[in-house]
Amino acid sequence: MNMRLYNDLSGRHERFEPSRPGRVTFYTCGPTVYDYFHIGNARPFIVFDVLRRFFESKGLEVNFVQNFTDIDDKMIQRAEQAGVTVAELAEKFIAAYYEDADSLGIRRASANPRATAEMPSIIEMISTLIRKGHAYEANGDVYFEVGTFPEYGKLSGQSPDDLRAGARVEIDDRKRAPLDFALWKARKPGEPAWDSPWGPGRPGWHIECSAMARDYLGDTIDIHGGGSDLMFPHHENEIAQSEAASGKPFARFWIHNGYLMIDQEKMSKSLGNFFTARDVRAEFSAFAVRLFMLSAHYRSPVNFSRETLEQASHAQARLRNGWAGIKFALSARPGGAAPREPDAALRESVREARALFDERMEDDFNTAGAIGAVFDVIHATNVSLGREGGTDYGAVADAAEFLRMVDGVMGIIGTDDEKRYGDADMEALINERHEARKNKNYKRSDEIRGILSQKGIILEDTPQGTRWKRAE
Ligand SMILES: [Zn+2]
């Protein structure tokens, strides 16, 4: 692997090698579990899932940690509104997270620590920061003193002076300076609280991630990921806490995915354009959603709309139908029969696609470019299956192996999932057969009839077009 990643910390592309050979430590900020996650949150989940799988496909072991924030202001407010405890709210939406993430084909993390289960390590890190003079207590609250960490701002590229000038002037006389942020918040009436050396209270959001990353992955991690909206202040604060506590670099690589825009606006609840992943998944397959997310560079903004998702869904149908044709051809393979002539063109295009796929994935994780190589192979195989000289089954099997590898990394084709075929897929296959007949490609048209009949679908050609029905 010769991976280059854009590192937000240096503002440059850098060659990525894990600090310990063969083992990658990877932390990403997980959801606050007060609601179903929205399609904008699904972007980092899918993108980092695919980066992790790509590393694994190259033989690296990836320790991939994504937390659940199960205590904060939003959790407390929402629980109060719903008349449940914060813990009950968290249970409900952690279960919903797994359901929705599974339904999107997102692999489970190596660990999903929850803030409320990590209090000892959170409290220990806060104590260390106080002992080292980076934090101070004020009436049961504890604040990080930003002025004691001169490198503050290095990730987002802002100087502490600029940040101070731009900081909202809050009327809060407990803080020594406006940029100081809470590590521990003293209990307020009715709020859940944990015992600490500063009295009962709860942790701030930023310290959770620093403490959990350290606990599960060590002082210095290879990659820290998250949405670009987290770069400031969340990730800047994580760096300040972790590096002030350990005296070591926190994350070697910082990577951030771009925004997901809904009809060109940054998605947020306040804009009223809220779509949960669950809503989207009810209408579109996981393969289509993943293809949509991976068809843009991870750092670019993407525009989400019904139309762009429908486009992805059509493109996905080409992948899936191409795969169905390949599977059908291989299942019909005459035992051991050699092709009348090898298909040099197909063999060459699979070889090229393998090289291109890797080259593009290793070039700052250019999934969109890598997907181009996948469509090339689907196209070349279609051409090959319709050619005169007989099928070169070895070459087709080679193409199938490449597509399985791709699917193991991206989860966009459905090579191991024939069961999700719904009516929309039938229509796509029937349309493809119609095109094949128009082009006098009777071999392909008969293949599609075969694929459909294997699925219990009977076709009827009528003067009005082709109708289909399920065999009784
Ligand atoms: Zn975080």
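If r is the Cβ-Cβ distance from Asp376 to Asn2 and R0 is 22 Å, what FRET efficiency results, to the nearest 0.05?
Step by step, r from the Cβ atoms, then E = 0.55.
For all pairs of alpha-carbon atoms in segment 1-153, what percent lies in each bin of width 5 Å, listed from the first bin to the last filled one?
2, 7, 13, 15, 15, 16, 15, 11, 5, 1, 0
With a 10 Å Cβ neighbour count serving as the proxy for reagent exposure, in which order, fewest first, do Cys209, Cys29 appear?
Fewest to most other Cβ atoms nearby, the residues stand as Cys29, Cys209.
Suppose a student asked you for the relative contact order of the chain, using Cα pairs under 8 Å spaced at least 6 residues apart; what percent would you report?
15
Please arrange Ile223, Ile412, Ile123 by how many other C-beta atoms lie within 10 Å of their C-beta, fewest to most.
Fewest to most other Cβ atoms nearby, the residues stand as Ile123, Ile223, Ile412.
With a Förster radius of 30 Å, plug the Cβ-Cβ distance of Asp461 and Thr308 into 1/(1 + (r/R0)^6) and report the FRET value to the nearest 0.05.
With a Förster radius of 30 Å, E is 0.30.
Kirkwood hydrodynamic radius (Cα pairs, Å) of the chain?
For the chain, inverting the mean 1/r across all distinct Cα pairs yields 24.8 Å.
Dividing the Cα convex hull volume of segment 92-135 by residue count, how many Å³ per residue is that?
So the per-residue Cα hull volume is 99 Å³.
Report the residues of segment 277-298 in range of a label on Asp263: point 7 Å along Cα→C-beta, backbone N strictly under 17 Å from it.
The answer is 280, whose backbone nitrogens lie closer than 17 Å to the label point.
How large is Rg over Rh for segment 20-283, taking Rg from the Cα atoms and Rh as the Kirkwood inverse mean of 1/r across Cα pairs?
Radius of gyration over Kirkwood radius for segment 20-283 works out to 0.95.
If you rank Arg354, Arg176, Arg433 by fewest surrounding Cβ atoms within 10 Å, what's the result?
Ascending Cβ contact count within 10 Å gives the list Arg176, Arg354, Arg433.
Where does the chain land at 222 nm, in deg cm²/dmol rounded to the nearest 500, when only DSSP H runs of n ≥ 4 count, each adding -39500 (n - 2.57), divided by all residues?
-15000 deg cm²/dmol
Could you tell me how many cubic angstrom of Cα convex hull volume segment 37-98 has per residue?
93
Just to confirm the number: angle between the C-alpha axis of helix 367-385 and the first principal axis of the chain, 0 to 90 degrees, nearest 10?
10
Computed from the coordinates by the stated procedures, all read-outs in this text should not be read as laboratory data. Every value quoted in this text rests on a predicted model; they were computed, and no experiment measured them. Here the Cβ is made from the backbone with ideal geometry for all residues, glycine too, and neighbour counts use every protein chain on show.
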